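The values are calculated or read from the model by the stated rules, or taken from the named source; none is laboratory data. Since the model is a prediction, treat every value here as computed from it, not as a measurement. Because the Cβ atoms are built from the backbone with ideal geometry, glycine has one as well, and the counts that use them run over all protein chains shown.
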Ligand SMILES: [Zn+2]
C-alpha cells in the first residue's frame, strides 16, 4: 500500500513530456507507473488535464529574517513560494544581523524550522570582515553558498580590492562550495547616487546611471579573472546586460588566463562559472522605472530592450544557466518614499509568487520551451548547489516536491493576491496563461489554489558535497 498516487499526470521534464502515475512513499517519488497500471494507495490525486513539474528551486531569495521582519519573514515569504509552486528556496545572508558566522547560520536555521512552508537552504556572506576559519565553520554548518558583493554592501563586508577578492575566493575554494558573486562597481554607484533632487524624471535617470551595464561588466571581469586564479567555483548573480554577458562569455571561453601557452580552452583551464537571470530582467525594460518609479526600482536596474533580448536568447541557448527571483521585499510605504526622489526608495522586488506564472507566459510567448523551463528553474539550481537529484527532479528517489498546473486556466497577477508583505509587484495586472493549482512538499499538499494548506513543515537542506 503506497502513501499517495497521482494519476493521469502529464509530467513535464527537461527531456520532454511523459504520461505516468506518480507513486509516493515516505515523502519521495518511489515509482513512475505506466498510465493505467494497477496500484494500491491510501490517497489518490487525479491530475487529469494538469501538468506536473518538479517544484521550482529558487537560488536567490531574501526573506528579511532575522531583524527586518517588518518587510518579510520565513512564514510570509515561504507562503508566497508555496502558492507559487516553489518548494526549495536558497536564502541570502543580507538580514540583520547578516549571516556571517556559523553561529548566526545555526540561529537562522532555527528561525526557519517550524515556520518555513517550503524547504530552505542558507547562504553565507563573506568579505574582508570575515574572521579566519569562519568560512570552514560555515561550510560545516551547511552553508549552501558563499556570497561576495562588489558593490551595494556595507563595510567591512563589501569586497573592494583585488587582494580581498582573491583572499575570499581562495577561502571558499578550499571548501568546494560555490561562491555567489554580485558584480558591480561601488565608485560608479557613489558618483551617481544623490538624494534631494526633488524632480521625478531626473532622479529616475540618475538611478539608472548609478548602476550602468559597464559597471556590471567591469565587476564581472574582475570576478572571473580572480575565480580562475583562485580555482573557485563561482555563480554570477543577476546577469542584466548584454555587455555583462559578452564579458562572461569572452572570459569563460578563453582558457588559461595566466599567460601560459594554451592549445585552447580545455576543462582544466575553463573557469568553473554558472550564472542566473531574474524574471524582471528578462521581461521588464527600463521604461518601467521611468513610469512606475519605486515599484520598479531593483538592483541591478531594469535595462534596455536590447539587453532583455540578449538575455532571453542566452537563457534559451544554455549560456545563462538558470533563472532565480532575487525576491527582495520592501513594504509599500518604504517604496512610496521614493515616489518623487527615487534615491529615497529601497531597491528590490517581490518575485516568488509571480515566478512560475511569468515563466509559463514566456513559454506561451515562445520565448522558451517548457523543457527549458524545467531545466533553468528546477534542475540547474539543484545541480549547481549540490541538491540534485533530491530536488528539482521527477525521477524515483527524488523528494516528492511537485507543482500541478492547470494549463487552461489563465491567471492575472494582482497586488491584492500577493502573500509577501511587499504586497505589490511591477507585474500587477499582467495576464498569464496558466495557474499553479496544487503544490506538494515531500508528498504533502502545502498549497492549493493560491492558499497555503496545513502546518509549516519546511526543512533545512544542506548541499550533498
Ligand atoms: Zn539579491
*Which one is nearest to the ligand (Cβ to nearest atom) among residues in the range 100-126 that are under 15 Å from residue 158 (Cα atoms) and buried (at least 24 other Cβ atoms within 10 Å of the Cβ)?*
125
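In the range 314-329, how many residues are surrounded by fewer than 17 Cβ atoms within 10 Å (Cβ to Cβ) and within 16 Å of the ligand (Cβ to nearest atom)?
Result for the range 314-329: 0.
Determine if the range 136-144 includes at least one residue that is within 14 Å of the ligand (Cβ to nearest atom) and either in contact with a strand residue (DSSP E or B) (Cβ under 6 Å, 6 or more places away or on another chain) or more than 20 Å from residue 382 (Cα to Cα) (or both).
No: zero hits.
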*Limited to the range 349-387, what total is found for residues that are under 23 Å from residue 77 (Cβ atoms) and part of a loop (DSSP other than H, G, I, E, B)?*
5
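So which residues in the range 281-302 are under 30 Å from residue 177 (Cβ atoms), touching a helix residue (DSSP H, G or I) at 6+ places or on another chain (Cβ under 8 Å) and touching a residue at least 60 places away in the same chain (Cβ under 8 Å)? Give the steps one after another, and end with the answer.
First, the residues of the range 281-302 that are under 30 Å from residue 177 (Cβ atoms): 281-282, 298-301.
With touching a helix residue (DSSP H, G or I) at 6+ places or on another chain (Cβ under 8 Å) added as a condition, the list becomes 281-282, 298, 300-301.
Within the range 281-302, 282, 300, 301 qualify.
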*Just to be sure, is residue 346 within 21 Å of the chain's Cα centre (by Cα), under 27 Å from residue 285 (Cα atoms), assigned to a helix (DSSP H, G or I) and within 16 Å of the ligand (Cβ to nearest atom)?*
no
_Condition check for residue 31: part of a strand (DSSP E or B), farther than 16 Å from residue 441 by Cβ and within 16 Å of the ligand (Cβ to nearest atom)_ = no
_Failed criterion for residue 341 (all others in (1) more than 16 Å from the ligand (Cβ to nearest atom); (2) without any contact (Cβ under 8 Å) to a residue 60 or more places away in the chain hold)_ = (2)
*Kindly indicate the residue of the range 292-313 that is within 17 Å of the chain's Cα centre (by Cα) and away from the ligand (no atom under 16 Å from the Cβ) and also surrounded by the most Cβ atoms within 10 Å (Cβ to Cβ) among those meeting that condition.*
311
*Filter the range 80-99 for residues that are part of a loop (DSSP other than H, G, I, E, B) and within 16 Å of the ligand (Cβ to nearest atom) and give the result.*
92, 93, 94, 95, 96, 98, 99
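Can you pull out every residue in the range 146-156 that is outside any strand (DSSP E or B) and either closer than 15 Å to residue 300 by Cβ or at pLDDT 95 or above (or both)?
Of everything in the range 146-156, those that are outside any strand (DSSP E or B) and either closer than 15 Å to residue 300 by Cβ or at pLDDT 95 or above (or both) turn out to be 150, 151, 152, 153.
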*Residue in the range 348-363 that is crowded, with 24+ Cβ neighbours inside 10 Å and out of contact with any helix residue (DSSP H, G or I) (no Cβ under 9 Å at 6 or more places or on another chain) present*: yes
*Among the candidates 325, 274, single out the residue that is at pLDDT 95 or above and assigned to a strand (DSSP E or B).*
274
*asked:* Would you confirm whether or not the range 235-244 contains a residue that is at pLDDT below 95 and touching a helix residue (DSSP H, G or I) at 6+ places or on another chain (Cβ under 9 Å)?
replied: no
*Provide a single number: the residues in the range 435-451 that are within 21 Å of the chain's Cα centre (by Cα) and more than 22 Å from residue 396 (Cβ to Cβ).*
4
*Among the residues of the range 198-229, which ones are surrounded by 18 or more Cβ atoms within 10 Å (Cβ to Cβ) and assigned to a loop (DSSP other than H, G, I, E, B)?*
211, 212
*Only one of (1) more than 22 Å from residue 298 (Cα to Cα); (2) at pLDDT 95 or above; (3) out of contact with any helix residue (DSSP H, G or I) (no Cβ under 7 Å at 6 or more places or on another chain) is not met by residue 266, so which one is it?*
(2)
*Given the conditions (1) more than 17 Å from residue 351 (Cα to Cα); (2) touching a helix residue (DSSP H, G or I) at 6+ places or on another chain (Cβ under 7 Å), and given that residue 425 satisfies all but one, which numbered condition is not satisfied?*
(1)
_Can you find, within the range 417-445, the residue that is surrounded by the fewest Cβ atoms within 10 Å (Cβ to Cβ) among those that are touching a strand residue (DSSP E or B) at 6+ places or on another chain (Cβ under 8 Å) and over 27 Å from residue 283 (Cβ atoms)?_
445
*Is it the case that the range 113-135 has a residue that's more than 29 Å from residue 450 (Cβ to Cβ), in a strand (DSSP E or B) and in contact with a strand residue (DSSP E or B) (Cβ under 8 Å, 6 or more places away or on another chain)?*
yes
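Just to check your reading of the model, which residue among 226, 179 is modelled with pLDDT of 95 or more, within 16 Å of the ligand (Cβ to nearest atom) and touching a helix residue (DSSP H, G or I) at 6+ places or on another chain (Cβ under 6 Å)?
179
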*Hey, could you check the range 41-66 for residues that are within 16 Å of the ligand (Cβ to nearest atom) and not in a strand (DSSP E or B) and say which is surrounded by the fewest Cβ atoms within 10 Å (Cβ to Cβ)?*
65
